[in-house]
Ligand SMILES: [Zn+2]
């Protein structure tokens with residue numbers, strides 16, 4: 001089971017469906033995610049725009 005690293009939503013995908021380096025958007029939080037590994041599937045958040053990784057307390 002793969003989870004969104006941003007919002008922990010369960011992403012129902014299989015290794016066959018994705019390729020390493022592929023990017024996709026989380027259906028829950030719309031974060032852009034990059035497939036960094038396919039076995040098992042691991043996702044990493046692609047930092048978009050000029051936002052820092054964590055900018056909550058500004
Ligand atoms: Zn998400």
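Computed values, structure above
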{"quantity": "Peptides ranked, highest mean first, by Cβ atoms within 10 Å: ranges 5-17, 29-41", "calculated": "29-41, 5-17"}
{"quantity": "The chain: relative contact order in percent, alpha carbon pairs under 8 Å with at least 6 residues between", "calculated": "27"}
{"quantity": "The chain: C-alpha gyration tensor shape, a/c 1.5 cut-off, then a/b vs b/c", "calculated": "prolate"}
{"quantity": "Two-site FRET efficiency, residue 28 against residue 58, from Cβ-Cβ distance with R₀ of 30 Å, rounded to 0.05", "calculated": "0.80"}
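Each reported figure results from applying straightforward, stated rules to the coordinates on display, with no laboratory input. Keep in mind it's a predicted model, so treat the numbers as computed, not measured. Here the Cβ is made from the backbone with ideal geometry for all residues, glycine too, and neighbour counts use every protein chain on show.
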